[in-house]
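A short write-up of the structure that comes next.
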Amino acid sequence: MPYRSTEVLSPGPKDKEPLHSITLNHDARHLRRKLLHLENDDVVMLDLKEAVMLADGDLLVLDGGGYIRVVAEPEALYEIRPRDPLHLIELAWHLGNRHLPAQIETGRILIARDPVIRAMLEGLGATVAEIAEPFHPVRGAYHAAGGHDHGHHHHHHG
């Protein structure tokens, strides 16, 4: 019997003990309605009112009680290191201008690996290293890219 969830606790309270966890990469964590397959072959029917970007540690609340913890899967990323804080802003601008999902932190930016973008960043004086860790890009860029945002019918004005 599959589980069903219509609610997400974000961030997930640390004191809640999940029944199971599910590991998802960045793209797979952007969802609204989906059948999610757990490591033990159980299935969760996720049916949310609107699309969400799940984060590491979020809890899917199961109908009838219990939780499934979301785990962000490590991904192949570039870690971009600037010369100084002003350079970080300049690099972030160049990435944003290309609508690339980016995780911007003090002292570094993370993006999905792309050799063309790496060459551009190195040309701008950045230090670029290949790493693998969970990816949590700035949420706004996700919709600006249009990658998974089909149309704009969900924007309610008024």
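The values are calculated or read from the model by the stated rules, or taken from the named source; none is laboratory data. Keep in mind it's a predicted model, so treat the numbers as computed, not measured. Every residue, glycine as well, gets a Cβ built from its backbone with ideal geometry; the counts of neighbours run over all protein chains shown.
Things worth noting here:
- ASP84 vs. criteria more than 18 Å from TYR3 (Cβ to Cβ), free of Cβ contacts under 8 Å to residues at least 40 places away in the same chain and more than 15 Å from the chain's Cα centre (by Cα): yes
- Of all the listed residues (GLY12, GLY57), the sole one being touching a Leu at 6+ places or on another chain (Cβ under 8 Å) and assigned to a loop (DSSP other than H, G, I, E, B) is GLY12.
- Meets criteria (assigned by TED's automatic domain parsing to the domain that holds PRO13, under 30 Å from LEU35 (Cα atoms) and either at pLDDT below 95 or surrounded by 16 or more Cβ atoms within 10 Å (Cβ to Cβ) (or both)) for LEU100: no
- Filtered by the rule that a residue be of a type in the set (Lys, Arg) and crowded, with 16+ Cβ neighbours inside 10 Å, segment 22-47 gives a lone residue, ARG29.
- Inspection of segment 77-85 finds a residue satisfying the criterion of being assigned to a strand (DSSP E or B), more than 11 Å from PHE135 (Cα to Cα) and among the β-branched types (Val, Ile, Thr).
- Among the residues making up segment 15-38, those that are touching a strand residue (DSSP E or B) at 6+ places or on another chain (Cβ under 7 Å) and part of a loop (DSSP other than H, G, I, E, B) are LYS16, PRO18, LEU19, ASN25, HIS26, LEU38.
- When residues in segment 87-97 are screened for being buried (at least 17 other Cβ atoms within 10 Å of the Cβ) and in contact (Cβ under 8 Å) with a residue 40 or more places away in the chain, 0 of them pass.
- From the list ASP47, ASP42, the lone residue that is touching a Ser or Thr at 6+ places or on another chain (Cβ under 9 Å), of a type in the set (Asp, Glu) and not assigned by TED's automatic domain parsing to the domain that holds ILE117 is ASP47.
- Conditions (1) assigned to a strand (DSSP E or B); (2) on the phi > 0 side of the Ramachandran plot: number failed by GLY65: (1)
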